[in-house]
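Trainee: Take a look at the following structure, please.
The values are calculated or read from the model by the stated rules, or taken from the named source; none is laboratory data. Computed from a prediction, not measured in an experiment: that's the story for all the values here. For neighbour counting, all protein chains shown are included, and Cβ atoms are generated from backbone atoms with ideal geometry for every residue, glycine included.
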Amino acid sequence: MWIFGYGSLIWNPGFPFIQSRPAQIQGWARRLWQGSTDHRGVPGAPGRVATLIKARSASCLGMAYQCAHQELADILKQLDVREKGGYQRIEVDLYFHDGSIADGVTYLAGPNNPDYLGEAPITEIAMQVASAQGPSGLNSDYVRLLADALRSLDADEPHLFEIEKRLSELISEVS
Ligand code: BEZ
């Protein structure tokens, strides 16, 4: 069983692992549609963080982590707490570049959780990201770190890269 990260877990797993490998999950797309009131925003001024949206022909590239069997239960318990803001653990099939497939778990924030924000125009999302911050830091840093991590994986990710570009334009307009 591997742990699959498609958001901050890509650059900040924060748990011990034996190996990490880029992997894809199929039928899912990454979108900044989840509100964050506990990491990259606060109640009343939520940030925007990644969740997974069902999309039949899409796939989402991220990082898979293999943990020691005897540590897995504790690691998942810690992640359940760290990612409690609307996220639920789900099981996924992981597809590796070499064609192999493995069982994985990841976290999903669906449209029925209280912090869900959903779709919005790119400029609106970028403006919200530009102004939000929370206990884990600036929402704009989250978007830049995620975009950098995805570029280093060679991910084709127009949704996030467009938000990153609009965010840079907004920030340079005010400075
Ligand atoms: C992640 O994959 O980085 C992640 C995203 C949302 C919740 C938990 C983990």
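Trainee: Need the failing condition index for A120 against (1) touching a helix residue (DSSP H, G or I) at 6+ places or on another chain (Cβ under 9 Å); (2) in a loop (DSSP other than H, G, I, E, B); (3) over 26 Å from D154 (Cα atoms), just the number.
Mentor: Every listed condition holds for A120 apart from (3).
Trainee: Sticking with this structure for a sec: Given the structure, is R144 within 16 Å of the ligand (Cβ to nearest atom), modelled with pLDDT of 95 or more, basic (K, R) and in a helix (DSSP H, G or I)? Don't jump to the end; show me each part of the working.
Mentor: On the way: within 16 Å of the ligand (Cβ to nearest atom): yes; modelled with pLDDT of 95 or more: yes; basic (K, R): yes; in a helix (DSSP H, G or I): yes.
The answer is yes for R144.
Trainee: Restricting to the stretch 1-26, give me the number of residues that are of a type outside the set (A, V, I, L, M, F, W, C), farther than 21 Å from A73 by Cβ and either away from the ligand (no atom under 13 Å from the Cβ) or outside any loop (DSSP other than H, G, I, E, B) (or both).
Mentor: Residues meeting the conditions: 5.
Trainee: Does G47 count as at pLDDT 95 or above and within 16 Å of the ligand (Cβ to nearest atom)?
Mentor: The answer is yes for G47.
Trainee: Considering each residue of the stretch 130-150, count those that are more than 24 Å from A64 (Cα to Cα) and under 14 Å from the mean Cα position of the chain (by Cα), and give that number.
Mentor: Number satisfying all stated conditions: 1.
Trainee: Here's something else I'd like to know. For the stretch 145-175, what are the residues that are within 23 Å of H97 (Cα to Cα) and basic (K, R)?
Mentor: The answer is R151, and nothing else.
Trainee: Let me ask you something else. Sort out which residues of the stretch 36-77 are free of Cβ contacts under 8 Å to residues at least 40 places away in the same chain and either part of a strand (DSSP E or B) or under 23 Å from D156 (Cα atoms) (or both), and write them in order of number.
Mentor: Those that are free of Cβ contacts under 8 Å to residues at least 40 places away in the same chain and either part of a strand (DSSP E or B) or under 23 Å from D156 (Cα atoms) (or both): I53, K54, A55, R56, S57, A58, S59.
Trainee: Among the residues of the stretch 121-156, count how many are without any contact (Cβ under 8 Å) to a residue 60 or more places away in the chain and among the small types (G, A, S).
Mentor: So the answer is 5.
Trainee: Taking S136 as the residue in question, decide whether it is surrounded by 14 or more Cβ atoms within 10 Å (Cβ to Cβ) and touching a Lys or Arg at 6+ places or on another chain (Cβ under 7 Å).
Mentor: On the way: surrounded by 14 or more Cβ atoms within 10 Å (Cβ to Cβ): yes; touching a Lys or Arg at 6+ places or on another chain (Cβ under 7 Å): yes.
So S136 passes the test.
Trainee: Sort out which residues of the stretch 83-111 are of a type in the set (S, T, N, Q), within 16 Å of the ligand (Cβ to nearest atom) and either assigned to a helix (DSSP H, G or I) or exposed (fewer than 14 other Cβ atoms within 10 Å of the Cβ) (or both), and write them in order of number.
Mentor: Q88 - this is the single residue of the stretch 83-111 that is of a type in the set (S, T, N, Q), within 16 Å of the ligand (Cβ to nearest atom) and either assigned to a helix (DSSP H, G or I) or exposed (fewer than 14 other Cβ atoms within 10 Å of the Cβ) (or both).
Trainee: Let me ask something additional. Filter the stretch 145-175 for residues that are buried (at least 16 other Cβ atoms within 10 Å of the Cβ) and among the β-branched types (V, I, T) and give the result.
Mentor: I163 - this is the single residue of the stretch 145-175 that is buried (at least 16 other Cβ atoms within 10 Å of the Cβ) and among the β-branched types (V, I, T).
Trainee: Okay, next question. Of all residues in the stretch 50-75, how many are in contact with a strand residue (DSSP E or B) (Cβ under 7 Å, 6 or more places away or on another chain), over 23 Å from S36 (Cβ atoms) and away from the ligand (no atom under 16 Å from the Cβ)?
Mentor: 1
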